[in-house]
Amino acid sequence: MIDAAAFAAAMASLGPFEPAPRLAVAVSGGADSMALALLTADWAAAAGGEAVALTVDHRLRPGSAAEARQVAAWMAARSISHHILVRAGGRPATGLQAAARTARYELLEDWCRQHHVRHLLLAHHQDDQAETLLLRLGRGSGADGLAAMAAVAPRRGLRLLRPLLDFPGAALRAVLRDRRQDWVEDPSNEDPAYARVRLRQLLPLLAAEGLTADRLAATARRLGRVRLALDRVVDERLAASATFHPAGFAWVRRQAFADGPDEIALRLLLRLLRAVGGQPYPPRAERSERLCRRLGGEGAVAATLAGCRLVSQGESVLVCREPARMADAVPLVPGDDFVWDGRMHVKVPADLPPGLFLGGLGRQGWRLLRGVPPVPAAARPSLPVLTDSDGVFAVPHLGYNRDRAVCGGDWISWNPATRDCLVPAWTGII
């Protein structure tokens, strides 16, 4: 059972919060998220704020729409504001759970940004943390992966908060029984086709050998402290060795990869790959370790990995976006706020000229530009540009405007998605 004082202490560890905080809670209708919604609503009301429940109807299995409506009815009965977010698109042939997870996060985060909500609460608890640690152990993850889920995770203008990581799932169900609140049982949670379910079924056997959920979660928490300490060292090395261009590429001294310890050099590389490539997950350890050794050596390097091109030139290496992996050009609608190519945060001005698209310059575009600052040849095709029916309209990072139109400002910024992508003093503003 989790009382108000225990939950308030958990929330205090995730603060600080603004006066009268407005928080969003992801509510699937399962026991965990239903309990979180009720606890958060009480906590927010006591602080003079409000909790808003968000339910994603992923449309990936029969009954999802009815379940979302049921959650809406439960929230209305508790006087909790609620919104249903519907996933668009068809059912994927494979990777059903991954597709549902990706769609869920995208819809939840987009809603929060559009409604200026800074905190999104997720109902992952101690048992989930233990399962995540075991899953990643089976995949051969390093310290970062074994640290499992962070209690606080910055995500482009908002914070993902997990206040329940120290509480077992049984305590959440006790909250609902105490309040006479029903919940939805997701049949996929019992389907042994999924690795997480198989591990969940093994947890009682592991607990008998001392590998209890609380001990596994405590191990993840300790490794989380290791991750934070290593990140600080990487921050220092990155600040001392790298130069960043706001158009989304970087120069890094090769000595930064040659200097030990090897773990710091590898983390430096992964940080750059995530930031420049805009990928949601890092590449496989074997490939990144192999590339890191090459970068720390003496021979020339020309490689692609994780959506990036890496080209050595003298004592430095250029890290830029791989053009073939870039997102397609998108139309710009005044007032829109979105992320393009997994790394560029775009806030479209209300007075932007009509008919413009945001995309990459491409391999042929550079020859059309005149009087712009020099850019390494490998980085030119991935420069973010505005185009219209006549071609390249503007390359704002380089100050180029075809018709001398006003098209600068601070509305497109290089803003990587997660904490392990961030770069010290990263401005990236055009």
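The values are calculated or read from the model by the stated rules, or taken from the named source; none is laboratory data. Values in this document were obtained by computation on a predicted structure and should not be read as measured data. Heads up, the Cβs are rebuilt from the backbone with ideal geometry, glycines too, and the neighbour counts pull from every protein chain shown.
Working carefully through the options Pro168, Pro204, Pro192, Pro163, find the one that is closer than 27 Å to Ala77 by Cα and free of Cβ contacts under 8 Å to residues at least 60 places away in the same chain. Let's see the steps before the verdict.
Details: Pro204 fails: closer than 27 Å to Ala77 by Cα; Pro192 fails: closer than 27 Å to Ala77 by Cα; Pro163 fails: free of Cβ contacts under 8 Å to residues at least 60 places away in the same chain.
Result: Pro168 is the single residue among Pro168, Pro204, Pro192, Pro163 that is closer than 27 Å to Ala77 by Cα and free of Cβ contacts under 8 Å to residues at least 60 places away in the same chain.
Taking Gly15, is it of a type outside the set (A, V, I, L, M, F, W, C), out of contact with any Gly (no Cβ under 6 Å at 6 or more places or on another chain) and at pLDDT below 95? Break it down into steps so the answer makes sense when it comes.
Values: of a type outside the set (A, V, I, L, M, F, W, C): yes; out of contact with any Gly (no Cβ under 6 Å at 6 or more places or on another chain): yes; at pLDDT below 95: yes.
Here the answer is yes, as Gly15 does meet what is asked.
Kindly check whether there is at least one residue in the range 6-19 that is hydrophobic (A, V, I, L, M, F, W, C) and more than 28 Å from Pro154 (Cβ to Cβ). Outline the logic, then answer.
Residues of the range 6-19 that are hydrophobic (A, V, I, L, M, F, W, C), as a first pass: 6-12, 14, 17.
Adding the requirement that they be more than 28 Å from Pro154 (Cβ to Cβ) leaves none.
No.
Here is a yes/no grid of residues against (1) at pLDDT below 95; (2) polar (S, T, N, Q):
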| site | (1), (2) |
| --- | --- |
| Met1 | yes, no |
| Ala4 | no, no |
| Met11 | no, no |
| Pro21 | no, no |
| Val52 | no, no |
| Ser64 | yes, yes |
| Glu67 | yes, no |
| Trp74 | no, no |
| Ile84 | no, no |
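Hey, can you tell me all the residues within the range 187-209 that are part of a loop (DSSP other than H, G, I, E, B) and over 24 Å from the mean Cα position of the chain (by Cα)?
Scanning the range 187-209 gives Asp191, Pro192, Ala193, Glu209.
Would you please name the residue that is nearest to Tyr105 (Cα to Cα), looking only at residues in the range 151-186 that are hydrophobic (A, V, I, L, M, F, W, C) and under 19 Å from the mean Cα position of the chain (by Cα)?
Taking the range 151-186 and keeping what is hydrophobic (A, V, I, L, M, F, W, C), we get 151-153, 158, 160-161, 164-165, 167, 170-172, 174-176, 183-184.
In the following step, the residues that additionally are under 19 Å from the mean Cα position of the chain (by Cα) were identified as 151-153, 158, 160-161, 165.
Values: Ala151: 16, Val152: 15, Ala153: 13, Leu158: 12, Leu160: 10, Leu161: 13, Leu165: 19 Å.
Among residues in the range 151-186 that are hydrophobic (A, V, I, L, M, F, W, C) and under 19 Å from the mean Cα position of the chain (by Cα), the one nearest to Tyr105 (Cα to Cα) is Leu160.
Where residues in the range 118-137 are touching a residue at least 60 places away in the same chain (Cβ under 8 Å) and surrounded by fewer than 19 Cβ atoms within 10 Å (Cβ to Cβ), which of them is nearest to the chain's Cα centre (by Cα)?
Taking the candidates together, the pick is Arg118.
Please determine, by comparing only the residues of the range 360-392 that are without any contact (Cβ under 8 Å) to a residue 40 or more places away in the chain and of a type in the set (A, V, I, L, M, F, W, C), which one is nearest to Val330 (Cα to Cα).
Checking each candidate, the answer is Val385.
Would it be correct to say that Ala229 is in a helix (DSSP H, G or I), at pLDDT 90 or above and touching a helix residue (DSSP H, G or I) at 6+ places or on another chain (Cβ under 7 Å)?
On the way: in a helix (DSSP H, G or I): yes; at pLDDT 90 or above: yes; touching a helix residue (DSSP H, G or I) at 6+ places or on another chain (Cβ under 7 Å): no.
The answer is no for Ala229.
The conditions are (1) surrounded by fewer than 18 Cβ atoms within 10 Å (Cβ to Cβ); (2) among the β-branched types (Val, Ile, Thr); (3) under 27 Å from the mean Cα position of the chain (by Cα), and Thr212 fails exactly one of them. Which is it?
Just one mismatch for Thr212, condition (3).
Considering only residues that are touching a residue at least 60 places away in the same chain (Cβ under 8 Å), out of contact with any His (no Cβ under 7 Å at 6 or more places or on another chain) and not hydrophobic (A, V, I, L, M, F, W, C), which ones fall in the range 237-259?
Listed by number, the residues that qualify are His245, Gly248, Arg253, Arg254, Gln255.
Can you name the residue in the range 199-226 that is of a type in the set (D, E, K, R) and at pLDDT below 90 and, of all such residues, is nearest to His125 (Cα to Cα)? Walk me through how you get there before you give the answer.
Our first condition is that a residue be of a type in the set (D, E, K, R); within the range 199-226, this holds for 200, 209, 214-215, 221-222, 225.
From what's left, at pLDDT below 90: 200, 209.
Values: Arg200: 13, Glu209: 22 Å.
It comes out as Arg200.
Looking at (1) part of a helix (DSSP H, G or I); (2) closer than 17 Å to Gln126 by Cβ, which is the only condition Val234 fails?
Going through the list (1) part of a helix (DSSP H, G or I); (2) closer than 17 Å to Gln126 by Cβ, Val234 breaks only (2).
How about the range 328-338: which of its residues are in contact (Cβ under 8 Å) with a residue 24 or more places away in the chain and assigned to a loop (DSSP other than H, G, I, E, B)? First the steps, then the outcome.
Applying the first criterion (in contact (Cβ under 8 Å) with a residue 24 or more places away in the chain) to the range 328-338 yields 328-332, 337-338.
Those that are in contact (Cβ under 8 Å) with a residue 24 or more places away in the chain and assigned to a loop (DSSP other than H, G, I, E, B): Asp328, Ala329, Leu332.
For Leu230, are the conditions met, namely being in contact with a Lys or Arg (Cβ under 8 Å, 6 or more places away or on another chain), touching a residue at least 12 places away in the same chain (Cβ under 8 Å), over 22 Å from Arg343 (Cα atoms) and not β-branched (Val, Ile, Thr)? So that I can check it myself, show each step before the final result.
Numbers: in contact with a Lys or Arg (Cβ under 8 Å, 6 or more places away or on another chain): yes; touching a residue at least 12 places away in the same chain (Cβ under 8 Å): yes; over 22 Å from Arg343 (Cα atoms): yes; not β-branched (Val, Ile, Thr): yes.
Judged against the criteria, Leu230 is a match.
For residues in the range 305-334 being of a type outside the set (A, V, I, L, M, F, W, C) and on the phi > 0 side of the Ramachandran plot, which is nearest to the chain's Cα centre (by Cα)?
Residues of the range 305-334 of a type outside the set (A, V, I, L, M, F, W, C): 307, 309, 312-316, 321-323, 325, 328, 331, 334.
Those left that are additionally on the phi > 0 side of the Ramachandran plot: 307, 314.
Numbers: Gly307: 16, Gly314: 34 Å.
Looking at the filtered set, the residue picked out is Gly307.
Inspect the range 126-134 for any residue being at pLDDT below 95, under 20 Å from Ala171 (Cβ atoms), in the same structural domain as Ala174 (by TED's automatic domain parsing) and among the aliphatic types (A, V, I, L, M) and give the result as yes or no.
Yes.
Considering Gly278, Gly342, which residue is touching a residue at least 12 places away in the same chain (Cβ under 8 Å) and assigned by TED's automatic domain parsing to the domain that holds Asp388? Working first, answer last.
On the way: Gly278 fails: assigned by TED's automatic domain parsing to the domain that holds Asp388.
Of Gly278, Gly342, the one residue that is touching a residue at least 12 places away in the same chain (Cβ under 8 Å) and assigned by TED's automatic domain parsing to the domain that holds Asp388 is Gly342.
Taking Pro353 as the residue in question, decide whether it is over 23 Å from Gly307 (Cβ atoms) and not aliphatic (A, V, I, L, M).
For Pro353, the condition - over 23 Å from Gly307 (Cβ atoms) and not aliphatic (A, V, I, L, M) - is met.
Take the residues of the range 385-410 that are part of a loop (DSSP other than H, G, I, E, B) and either touching a helix residue (DSSP H, G or I) at 6+ places or on another chain (Cβ under 8 Å) or at pLDDT below 65 (or both): which is surrounded by the most Cβ atoms within 10 Å (Cβ to Cβ)?
At the first step, the residues of the range 385-410 found to be part of a loop (DSSP other than H, G, I, E, B) are 389-390, 399, 402-410.
Filter once more, keeping what is either touching a helix residue (DSSP H, G or I) at 6+ places or on another chain (Cβ under 8 Å) or at pLDDT below 65 (or both): 404-410.
Working: Arg404: 6, Ala405: 11, Val406: 11, Cys407: 21, Gly408: 14, Gly409: 12, Asp410: 12.
Looking at residues that are part of a loop (DSSP other than H, G, I, E, B) and either touching a helix residue (DSSP H, G or I) at 6+ places or on another chain (Cβ under 8 Å) or at pLDDT below 65 (or both), I get Cys407.
Go through (1) within 30 Å of Val372 (Cα to Cα); (2) surrounded by 19 or more Cβ atoms within 10 Å (Cβ to Cβ) and name the single condition Ala239 misses.
For Ala239, the exception is condition (2).
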